[in-house]
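Read-outs throughout are calculated quantities, based only on the coordinates presented, and are distinct from any laboratory measurement. Please read these numbers as outputs of a predicted model, since none were measured by experiment. Backbone-built Cβ (ideal geometry, glycine too); neighbour counts: all protein chains shown.
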Amino acid sequence: MSTALGTATGYADLLRRVRAGELGPDPAGQRVSVAFSTSQAVRHEGRGGGYRNEVLSLRLAEAVGSCAVEPGTLPAAALDDCIGADVATLLTHPLPAVRVAALDAYLLHALPHHTASGARPYPLPAGTSLHKSRARARAVTALLEPARPRRVLVIGVVNSLLEALRERGIGYLPCDLKGGSTEWGEPVSTDAAAELERCDAILASGMTLGNGTFEELREHAARHDKPLVMFAQTGSAILPRLIGAGVSAVCAEPYPFFWLDGGPGVIYRYGGPR
């Protein structure tokens, strides 16, 4: 991917380029029209446990940028802060979720998911939430090829992803700030940094952008030449711009996410095998 399409050397460099107007229109002249949050609780049929999601989304023209947060942590005032505000201002907001969602919305507006930007559309079938979750998991885990890692550090535990790795015969180290255990009773680590030396590839959620842990993963992957595959509802337009700078592939899923609708959908893959 060429620099004309927005490749950056790291997250800070990407922010610098956006603020300088190098990747699109001046962010000071781009105003967010709508801010909303989406809260979801789910337990897939046949699964032993459930989970909750909460996502902040900002609309800039036709684009919706998103950042997931820990459920219950998003202040109601955050939405008021965003509506009518320009992107340049929101990129300095005290809440990381606002900064990430604003950057995501801007980049999705300036560099939408399109083949010209390196995106490869991947259709998701209609069906139950579990059916669609498994289809997405297959799309994500296929991006680990052709490396065929022996042990993948999975950051942001999604049981469908673990299931897809198990089907491929790939070992994994599950890690999530929530802790707990997987569907198969495996303990979930809460310290990703402590597990980095034990893996030969990383599969991480875009939520790492919002909680401040992404750059450590990117730098580790770049330093040790390890595959870093991101599955991104958070930052779907941000992470593709970091392919070649530690990120090897991205499965980008802009709003609306697969769990919001039972109909067919589409996600976008960048990097990895074609």
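Only one residue of L108, T38, P94 has its Cα farthest out toward the positive end of the dipole of the stretch 9-110, where Lys and Arg carry +1 and Asp and Glu -1 on Cβ, and that residue is T38.
Nearest-5 percent of antiparallel DSSP beta bridges in the chain? Could you put the intermediate results ahead of the total?
Values: 27 of 46 bridges.
DSSP beta bridges in the chain are roughly 60 percent antiparallel.
Charging the Cβ of each Asp and Glu at -1 and of each Lys and Arg at +1, and nothing else, the dipole of the chain about its Cα centre rounds to 700 debye.
Comparing L144, S205, P187 along the charge dipole axis of the stretch 118-271, the residue lying farthest to the positive side is L144, per the Cβ-charge model. The Cβ shell under 14 Å around P256 holds other residues with a net charge of 0, Lys and Arg each +1, Asp and Glu each -1. Neighbour counting of Cβ atoms within 10 Å sorts the residues V188, V250, fewest neighbours leading, into V188, V250.
Would you calculate a helix-derived [θ] at 222 nm for the chain, using -39,500 (n - 2.57) for each DSSP H run of n ≥ 4 and dividing by the full residue count, to the nearest 500? Don't skip to the answer; put the middle values down first.
Values: 8 runs with 71 residues, N = 274.
Helix-only estimate at 222 nm: -7500 deg cm²/dmol.
The stretch 200-262 and the stretch 73-119 have their alpha-carbon centroids 17 Å apart. Compared with the dominant principal axis of the Cα atoms in the chain, helix 96-110 is inclined by about 70°. Rounded to the nearest 20 Debye, what is the dipole magnitude of the stretch 118-271 about its Cα centre when Lys and Arg each give +1 and Asp and Glu each give -1 at the C-beta? About 460 debye. Rounded to the nearest 20 debye, the dipole size of the stretch 1-159 about its Cα centre is 860 debye, using +1 on the Cβ of Lys and Arg and -1 on the Cβ of Asp and Glu.
Spin-label pair L130-A41: with each label point 7 Å from Cα along the Cα-Cβ axis, the two points sit 2.0 nm from one another.
Using only alpha carbon pairs under 8 Å that are at least six residues apart, calculate the relative contact order of the stretch 42-111 and give it in whole percent.
Relative contact order comes out at 34 percent.
Using alpha carbons only, how many degrees (0 to 90, rounded to 10) separate the axis of helix 214-224 from the longest principal axis of the chain? Tilt of helix 214-224: around 60 degrees. Under the criterion of Cα pairs below 8 Å and six or more residues apart, the relative contact order for the chain equals 20 percent.
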